[in-house]
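The values are calculated or read from the model by the stated rules, or taken from the named source; none is laboratory data. Note that the coordinates shown come from a computational prediction; the quantities given were computed from them, not determined experimentally. Heads up, the Cβs are rebuilt from the backbone with ideal geometry, glycines too, and the neighbour counts pull from every protein chain shown. Heavy atoms of the whole protein, side chains included, go into the accessibility calculation; ligands, DNA and RNA do not. Shrake-Rupley method; radii C 1.70, N 1.55, O 1.52, S 1.80 Å.
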Amino acid sequence: LIFKLYQRAKHVYSEASRVLQFKKICEEAPANMVQLLGELMNQSHVSCRDMYECSCPELDRLVDICRKFGAQGSRLTGAGWGGCTVSIVPTDKLPNFLENVHEAYYQRSDGSLASEKQSLFATKPG
């Protein structure tokens, strides 16, 4: 009840399974690859939030905002507990995505967030 060992272990094993599924999808490159990868990322965030309990309201809000504005998938990354998110966004949606996330998350904050110029950026997987 205190350490929630079953809950934590279930997260770890399900996360390991998602990593293997992610790798398989990347290798097979099906037509709906981005959608499938996004679903795995979304499942990962839910598990981090609910099973491992390493998210926080700000991260959950940012993930929700990212999904609302075009991310196929979004999840916390790093150690959680106030870290950052990573999202998979189709290239054609990227400019609007960045603008909308900036407005919805950074401009509406209480000023306690890091500068968006240092915190919000696009990159490609490699």
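Quick notes
- For Ile88, the shell of other residues with beta-carbons less than 14 Å away shows a net charge of +3, using +1 for Lys and Arg and -1 for Asp and Glu.
- Only helices enter the 222 nm calculation for the chain: every DSSP H run of n ≥ 4 contributes -39,500 (n - 2.57), and dividing by all residues gives -15500 deg cm²/dmol, rounded to 500.
- Over all other residues within a Cβ to Cβ distance under 13 Å of Ile2, the charged ones net out to +1, with Lys and Arg as +1 and Asp and Glu as -1.
- Net charge contributed by nearby residues that have their C-beta within less than 13 Å of Met41 (K/R +1, D/E -1): +2
- In the chain, lysine pairs with alpha-carbon atoms under 25 angstrom apart (chain gap of 8 or more, or interchain): 10
- Where trypsin sites (Lys or Arg not before Pro) fall in DSSP loop in the stretch 1-60, at most 14 other Cβ within 10 Å: Lys4
- Note that the chain presents 67 Å² accessible area per residue, ligands and nucleic acids not counted, probe 1.4 Å.
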